[in-house]
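What follows is one structure encoded as structure tokens, with my remarks underneath.
Throughout, read-outs are computed from the coordinates displayed, never taken from laboratory work. Please read these numbers as outputs of a predicted model, since none were measured by experiment. Don't worry about glycine lacking a Cβ; one is built from the backbone with ideal geometry, like all the others, and counts go over all protein chains shown.
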Amino acid sequence: MDDVCSECGTRVIPMADGRCPSCMRPFVGKEFDPIAERVALEKRRRQAESASTAKRAAGNKQVRWGVLLIVVGLGATAFSYMAADTPAGGGKVIVFYGAVLVGILQVFRGLSR
């Protein structure tokens, strides 16, 4: 008959010397309760789902910030190009490639989560 070790919570058959084979502590067990086991499994599953949801939300946030950086970098570059194209602009174009590259990196990091 399987019992549950009160020390480590593992479902085991006690060793002959009265110790739990999992944690090697003196076995003080209780009868296996399938309902309690199902409740514990459901609780662990919900915790894993909530951690997964939080990770996904953080990834989505990184993607949004990355897209924002790309748009700002491209917009600033376009504005710089238009300003340089005017007669009073002086002809110098500033390319904001740093913002675009960091934005691309953020998008990939967010998608990998």
*Evaluate region 24-35: report whether one residue or more is free of Cβ contacts under 8 Å to residues at least 40 places away in the same chain and in contact with a Pro (Cβ under 7 Å, 6 or more places away or on another chain).*
yes
*Tally time: how many residues in region 80-97 are out of contact with any Ser or Thr (no Cβ under 9 Å at 6 or more places or on another chain), surrounded by 13 or more Cβ atoms within 10 Å (Cβ to Cβ) and under 30 Å from F108 (Cβ atoms)?*
2
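Yes or no, residue by residue, for (1) more than 26 Å from K55 (Cβ to Cβ); (2) not β-branched (V, I, T):
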{"position": "G73", "(1), (2)": "yes, yes"}
{"position": "T77", "(1), (2)": "yes, no"}
{"position": "A84", "(1), (2)": "yes, yes"}
{"position": "V93", "(1), (2)": "yes, no"}
{"position": "Y97", "(1), (2)": "yes, yes"}
{"position": "V107", "(1), (2)": "no, no"}
{"position": "G110", "(1), (2)": "no, yes"}
*asked:* Taking the conditions exactly as written (within 25 Å of G9 (Cβ to Cβ), within 23 Å of the chain's Cα centre (by Cα) and surrounded by 10 or more Cβ atoms within 10 Å (Cβ to Cβ)), does L41 satisfy them or not?
replied: yes
_Filter region 81-113 down to the residues that are of a type in the set (G, A, S) and touching a Lys or Arg at 6+ places or on another chain (Cβ under 8 Å) and list them by number._
A84, G110
*Cβ-Cβ below 9 Å, separation at least six or inter-chain, first residue in region 84-113 and in contact (Cβ under 8 Å) with a residue 40 or more places away in the chain, second surrounded by 11 or more Cβ atoms within 10 Å (Cβ to Cβ) and aromatic (F, W, Y): which pairs?*
Q106/W65; V107/W65; G110/W65
